[in-house]
1. Springs between alpha-carbon atoms under 10 Å, Gaussian network over the chain: tell me which of Leu128, Leu41, Leu18 tops the mean-square fluctuations.
2. Using 0.36 nm per residue, how much length does the chain from Glu153 to Glu45 gain when fully extended, once their Cα-Cα distance is taken away?
3. Any chance you could list the semi-axes, whole Å, largest first, of the equivalent ellipsoid that the Cα gyration tensor gives for the range 152-263, using √(5λ)?
4. Share of the range 195-245's accessible area from carbon and sulfur, percent, 1.4 Å?
5. If a/c stays under 1.5 just call it rounded; otherwise compare a/b with b/c (prolate if a/b is bigger, oblate if not). Do that for the range 116-207, with a ≥ b ≥ c from the square roots of the Cα gyration tensor eigenvalues.
6. So what is the relative contact order for the range 61-116, in percent, with contacts set as C-alpha pairs under 8 Å and at least six apart?
7. What span do the alpha-carbon atoms of the range 1-141 cover on each of the three principal axes, reported in whole Å from largest to smallest?
8. Take every DSSP beta bridge with both residues inside the chain and express the antiparallel ones as a percent of the total, to the nearest 5.
Amino acid sequence: MTIAGSDSGGGAGIEADLATFLHLRVFGTVAITAVTAQNSLGVHEVFDVPTEIIRAQMRAVLTDFTVGAVKTGMLSRRETISEVAEGIKAHRITKLVVDPVMVAQSGDPLMFGAALDALKCELLPLALIVTPNVPEAEKLSDMKITSMQEMKEAAKIIAELGPRGVLIKGGHLEGPKVTDLFYYEGKFSVLEQDRIDTNDHHGTGCTLSAAIAAELAAGTGVFEAVKRAHDYTRLAIEHRFKGGKGYGCVGHVFDIEWLKPAN
């Protein structure tokens, strides 16, 4: 299940999550938290779904479907985060992946007011894995990150907020490689790929977190789920799609090695 905002441009949010779920062969359900008027050039309007409708969506799905994992995306208000956290607790969700969406690729803010404090205090303690990029990790840890050592320090600080796993995405740091850091139950793992020189990667964070949730729902172990999601996101960037006049988005049409039938 994805609990997130809708991207009318189709590149991120609920739309990217469902595309990822389908591609990884799990059935996706949703609770929409916000409706954005968005395209490849930016976010033009945001309508936050009332909390009672978010609650009703979660209840409708989680009292009927067997949901193997949940991911969250755009949760722009404190009230929204509090409602989602209450629903996660009420329905005893243990495989929760939190993508702490704060800013769109265009630079438009997607989190407002006291939402950051609510994220840290109410939702992260419920998370199995949180997946911040470097700017998001800086806000969650209240420290500057410019190196791998600082990524490790930040991961430890974020883990103290409650999540069992912290995946810091290193794409914002400079260098020929993109290095992600996964901190899980006291151990560090590094995931590294050659950098793809492109700005057409709208939806990367949504796709990564959705892929982790999909793999967890399918019964994949935690580290392998993160590794597969990392590889999947790399392929999605390689197969990116440019449909508008601004940023292109990641693609979801390609073969996946670990889903090929055995010979």
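The values are calculated or read from the model by the stated rules, or taken from the named source; none is laboratory data. Just so it is clear, the structure is predicted and the values come from calculations on it, not from any experiment. Note that each Cβ is placed from the backbone with ideal geometry, even for glycine, and that neighbours are counted across all protein chains shown. Areas reflect the complete protein model, heavy atoms only, side chains present, ligands, DNA and RNA absent. Shrake-Rupley method; radii C 1.70, N 1.55, O 1.52, S 1.80 Å.
1. Leu41
2. Answer, rounded to one decimal: 35.2 nm.
3. 24, 20, 12
4. For the range 195-245, the apolar C and S fraction of the accessible surface comes to 49 percent.
5. It is prolate, given that a/c is not under 1.5 and a/b is the larger ratio.
6. Dividing the mean separation by the residue count of the range 61-116 yields 47 percent.
7. Here the spans come out as 38, 31, 27 Å, largest first.
8. Just about 55 percent of them are antiparallel.
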